[in-house]
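The values are calculated or read from the model by the stated rules, or taken from the named source; none is laboratory data. Values in this document were obtained by computation on a predicted structure and should not be read as measured data. Neighbour counts are summed over all protein chains in view; Cβ atoms, including those assigned to glycine, are modelled from backbone coordinates with ideal geometry. What goes into the accessible areas is simple: the full protein's heavy atoms, side chains included, and nothing from ligands, DNA or RNA. Shrake-Rupley method; radii C 1.70, N 1.55, O 1.52, S 1.80 Å.
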Amino acid sequence: MNMIQKAKEQVAGLTLRAYQAAAAEGLLPEGVEAVPAVEIPRDAANGDYTTTFCLTASKALRRNPREVAKILTERMALDGTYFSSVEIAGPGFLNFRLGGRWYADVLAAVESENKDYGRGDGLKGQKIMVEFVSANPTGPMHMGNARGGVLGDTLAEVLDWSGADVWREFYVNDAGNQIEKFAKSIEARYFQLIRGEDAVEFPEDGYHGDDIRELAQLFYDQHGESFLDRDERERRDAMAKFGLSRNIPKMKADLERYGIRFDEWFFESSLHESGFVADTVQLLADRGWTYEKDGALWLKTAEILAENLRKAGKSEEEIAKLDLKDDVLRRANGFYTYFAADIAYHRNKFGVRGFDKVINIWGADHHGHVARLKGAVDALGLNGTDRLDIVLMQLVKLVRDGEVVRMSKRTGKTISLSDLLDEIPVDACRYFFNAKPETQMEFDLGLAVREDAENPVYYVQYAHARVCSLLRTLAEEGHTVPHAADVDIGLLNSEPERALMKELASFCEEVRMAARDYDPSHINRYLMSLAAAFHRFYNACRIKGENDGVIAARLKLAEATRQVLANGLGILGCTAPEKM
């Protein structure tokens, strides 16, 4: 239950009913349809909720805003509502103050919804795919994959909590140039094992990592020199298949360790083998969006994008400055490009599997591909402009003791996801990487393992453990957590107690906004605020030694806080420890 939304709706309703009553009495003109905008003031001294209705409607009402405000407040019926008072402030703001009923309902909502507290139905009925990580299967996953994995997984979770039917997908690029290069790299190392490194030149554009050497050695251990004289195509196909058969399970294992599980690993090769790529390109041709030049088949990308830009209000002069280019779909050698396969993949998402919305998590270096892919989906008649959303994430910079860390001590190469998880707890990795996607982030390796309040995940988890310790101690003294209906809400009347209950109410709204903004870091910031509010409450409001009514009320508030902390940590894929 979103108690923030319920309070806002009630303010809007009270204001409209007061206006309607005044209009019926002839004090204000009838027929004004301004919708009251309701906000939460930054300063609680200005009330808990405020509306600017009197200011925005004053012209239509032909009255000074403060006059309108006075007429409305005199007709406000607050009995039985969440509010104890309404006051006029400034040029005509109406400031509402919450009463005990709202606070009681917050605790009751946390109790009744329990592990589901924070869930909403704003996206109910929407079938949404989140495609993320989709790392190249030719080598180990790196820092970008580590960040993209958490952002995608947590975004999928907040969408699920907002009522959507969510599907997590990993797109395996197991076809095309990079796989050919992968096979040639293993082949070269295989030849070097047999003939010596000096006797075999390694491809300049090949994959030079030690993982390729290891795959070549494993292939040799299994097949010996039997592939030395095989047909080149047969040999490379076998080596690519062998390499992928080892790399992909390793990727799955690393992601499982990271707490990420996909509903499907979708293979690019299936699109080619089924003829779906060729069929998709033919569909674009049938729609008049392709042409042939230099033996290749091209997509009229520039024309598609220019049309979309015109719809968005751009002038011909602005469009001309962009120097838009067309894209090759099928090369002169008959092979389809990666872009053609990507278009087919998204046709499959929308046209075959029927997703209402598709969200891709990409690195910021792919920003130039966003409009092109959306436009291609538009050209297929599938409305990529509105149905395909791309979240671009910035790079990660690893630091230790203020110094940038670029290499793994173990391998001498860029730090992989596996390397990172060997050093940093999964909870810390998931919490830290769930930063605002569009901001470049620093991952402080030293901070991530600290066990003090400077480490944000420790700070939040410690708040949960602190509540658990409190509940255990008081249970040993015979004090159990009461039902919300048995709590005297009037006993929770201090500023720290009221502030903590407001934070509990905010959780539903933060989940909603995280889904709305495609920014799951809303949950990180919220948990820090909730933990801080609990620590202030704990330090200011004594529980042990108070009378039974106060103990019961504060125990209920502490237990509600524990539940919401656990729910928020669960969304992030972090544990909620009971002891630390």
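Brief remarks on what is shown
- The test for being open to solvent by 50 Å² or more (accessible area, probe 1.4 Å), within 30 Å of Ser134 (Cβ to Cβ), part of a strand (DSSP E or B) and not basic (Lys, Arg) does not hold for Glu438.
- Number of the exception - Arg66 against (1) touching a residue at least 12 places away in the same chain (Cβ under 8 Å); (2) farther than 29 Å from Cys508 by Cβ; (3) open to solvent by less than 50 Å² (accessible area, probe 1.4 Å); (4) assigned to a helix (DSSP H, G or I): (3)
- Some residue of segment 453-460 being free of Cβ contacts under 8 Å to residues at least 40 places away in the same chain, open to solvent by 10 Å² or more (accessible area, probe 1.4 Å), within 30 Å of Arg542 (Cα to Cα) and acidic (Asp, Glu): yes
- Residue selected from segment 15-29 under the condition in a helix (DSSP H, G or I) and not polar (S, T, N, Q), by the criterion most open to solvent (accessible area, probe 1.4 Å): Arg17
- Answer from Val352, Val370 - the residue that is under 23 Å from Asp174 (Cα atoms), touching a Phe, Trp or Tyr at 6+ places or on another chain (Cβ under 9 Å) and open to solvent by less than 50 Å² (accessible area, probe 1.4 Å): Val370
- Among the residues listed as Ser270, Ser274, Ser245, the single one being hydroxyl-bearing (Ser, Thr, Tyr) and within 17 Å of Ala135 (Cβ to Cβ): Ser245
- If the condition is being under 15 Å from Cys468 (Cβ atoms) and small (Gly, Ala, Ser), then segment 537-564 contributes Ala558, Ala560.
- Among all residues of segment 193-211, there is at least one that is crowded, with 16+ Cβ neighbours inside 10 Å, touching a Gly at 6+ places or on another chain (Cβ under 9 Å) and in a helix (DSSP H, G or I).
- Residue check, Glu546 open to solvent by 30 Å² or more (accessible area, probe 1.4 Å) and assigned to a helix (DSSP H, G or I): no
- Of the residues making up segment 153-189, those that are of a type in the set (Phe, Trp, Tyr) and in contact with an Asp or Glu (Cβ under 9 Å, 6 or more places away or on another chain) are Trp161, Trp167, Phe170, Tyr171.
- Residue ID - nearest to the chain's Cα centre (by Cα), chosen from residues in segment 260-300 that are surrounded by fewer than 18 Cβ atoms within 10 Å (Cβ to Cβ) and under 30 Å from Arg147 (Cα atoms): Arg261
- Complete set of residues in segment 307-334 that are in contact with a helix residue (DSSP H, G or I) (Cβ under 9 Å, 6 or more places away or on another chain), within 13 Å of Val281 (Cβ to Cβ) and open to solvent by 10 Å² or more (accessible area, probe 1.4 Å): Asp327, Val328, Arg330
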